[in-house]
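The values are calculated or read from the model by the stated rules, or taken from the named source; none is laboratory data. All figures in this text were calculated on a predicted structure; none of them were measured in a lab. Heads up, the Cβs are rebuilt from the backbone with ideal geometry, glycines too, and the neighbour counts pull from every protein chain shown. Quick note on the areas: whole protein, heavy atoms, side chains included, nothing else; ligands and nucleic acids left out. Shrake-Rupley method; radii C 1.70, N 1.55, O 1.52, S 1.80 Å.
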Amino acid sequence: MEFFTQILANGLFIGAAYGLVGISLALIFKATGVLNLAQGEMMMVTSYIAYSLGVSFDLSLIPLVLALIPIAAVFGWAVERLIIRPMINEPMFSIVMVTLGLAFVLRGGVILIWGAAALDFGQVLAPRFTNIGFMAVQMVQIYL
């Protein structure tokens with residue numbers, strides 16, 4: 001029974017993460033009318049910036065998030081103003097292709113700057129566990 005509840009809890013946490021991704025795609029589409037296929041890469045770039053800030057300045061989770069929010073906002077604003085906004089009144093296919101191209105550019109830029117190997121946040125997001133009943137839950141899952 002413990003194994004089942006552990007798997008059920010992990011499935012709920014992973015489902016919540018996928019739900020947040022779906023909500024963000026729908027929110028951006030409703031707000032801009034654009035299906036942004038570069039959204040995942042934009043999140044990846046902000047994650048790598050968070051890694052750089054966390055390692056360079058030895059920041060814990062809360063100060064790191066507080067520092068990253070304005071950076072991510074400016075990044076999103078710049079993409080909207082410089083790439084998405086000039087595409088207004090263009091065919092939807094053209095806009096989707098531009099966001100797909102942006103995704104490739106962002107992915108290539110990350111590989112050029114940080115390399116292709118996976119990076120470890122170390123102690124910033126160390127896998128700490130807490131027990132809820134008889135389930136072991138990662139603190140990162142609770143933060144989500």
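Any idea of the accessible area per residue across region 32-144, 1.4 Å probe, to the nearest Å²?
On the way: 7170 Å² over 113 residues.
For region 32-144, the per-residue accessible area is 63 Å².
7 Å from Cα along Cα→Cβ at both residue 58 and residue 43: what's the point-to-point distance in nm?
Using points 7 Å along Cα→Cβ, the separation is 3.1 nm.
Taking a probe of 1.4 angstrom, what is the accessible area of residue 90 in Å², to the nearest 10?
So the heavy atoms of residue 90 present about 90 Å² to solvent.
Distance in nm between label sites at residue 80 and residue 111, each 7 Å beyond Cα in the beta-carbon direction?
3.0 nm
Using a 1.4 Å probe and ignoring any ligands, DNA or RNA, find the accessible area of residue 58 and quote it in Å² to the nearest 10.
My reading of the accessible area for residue 58 is about 130 Å².
In the chain, carbon and sulfur make up what percent of the accessible area (probe 1.4 Å)?
Details: 7080 of 9640 Å².
Solvent-exposed carbon and sulfur of the chain make up 73 percent of the total.
What list of whole percents do you get for P(r) of region 40-120, with Cα-Cα distances grouped in 10 Å bins up to the one holding the largest distance?
Per 10 Å bin, starting at zero, the Cα-Cα P(r) for region 40-120 comes out as 16, 42, 29, 11, 2 percent.
Hey, what do the phi angles of region 27-38 turn into as Karplus ³J(HN,Hα) couplings, whole Hz, using 6.51/-1.76/1.60 and θ = phi - 60°, x for Gly and Pro?
The phi angles translate into 5, 5, 5, 5, 6, 10, x, 10, 7, 8, 7, 9 Hz.
If one puts a single equal scatterer on every Cα of the chain and applies the Debye formula without solvent, what log₁₀ I(q)/I(0) results at q = 0.10, 0.13 Å⁻¹?
The Cα Debye sum returns log10 ratios of -0.46, -0.74.
Mind pulling the angle between the C-alpha long axis of helix 39-57 and the longest principal axis of the chain? Nearest 10 degrees, somewhere in 0 to 90.
60 degrees
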